[in-house]
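Report on one structure; see the data block that follows.
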Amino acid sequence: MKYVLGLDLGYNSIGWAILEQDENGNPVKLINTGVRLFDPSVEDMEKDGKGKTKNVTRREARLRRRQLFRKTKRLEKLLNFFIENNFFEDQKEKIYDSFERDEFLSKLDKELLNPYI
């Protein structure tokens, strides 16, 4: 006799079934079935019993990091454009200093002069 194992892999469970087959591959008999449930991987259980999964929390943090990185890069490109086109001739030395450059980018962002907001 041949046997077939069928698996159903889910997020919080694994289900299985074992079938017996004849010589032609047709199912003859259901030998056994079962399911194994796992505890949901949530961090903060709310009052209604629902919570965010750990993956959602990681994804949101990764999204914030990427957004911040992209915003900073856009401001850098904008500042480089201004420098290349001589918008800051009198402040050129200050802007090339990394501390002054970071301060300038922060000021540009905080004073709503940022065109990307």
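The values are calculated or read from the model by the stated rules, or taken from the named source; none is laboratory data. Since we're looking at a predicted model, the values are computed, not measured. Cβ placement follows ideal geometry from the backbone for every residue including glycine, while neighbour counts extend to all protein chains displayed.
Things worth noting here:
- Just one of the listed residues (57, 33, 72, 53) is modelled with pLDDT of 95 or more and surrounded by 10 or more Cβ atoms within 10 Å (Cβ to Cβ), namely 33.
- Cross-chain or 6+ apart pairs with Cβ under 9 Å, region 59-82 first and without any contact (Cβ under 8 Å) to a residue 12 or more places away in the chain, then of a type in the set (D, E, K, R): 60/52
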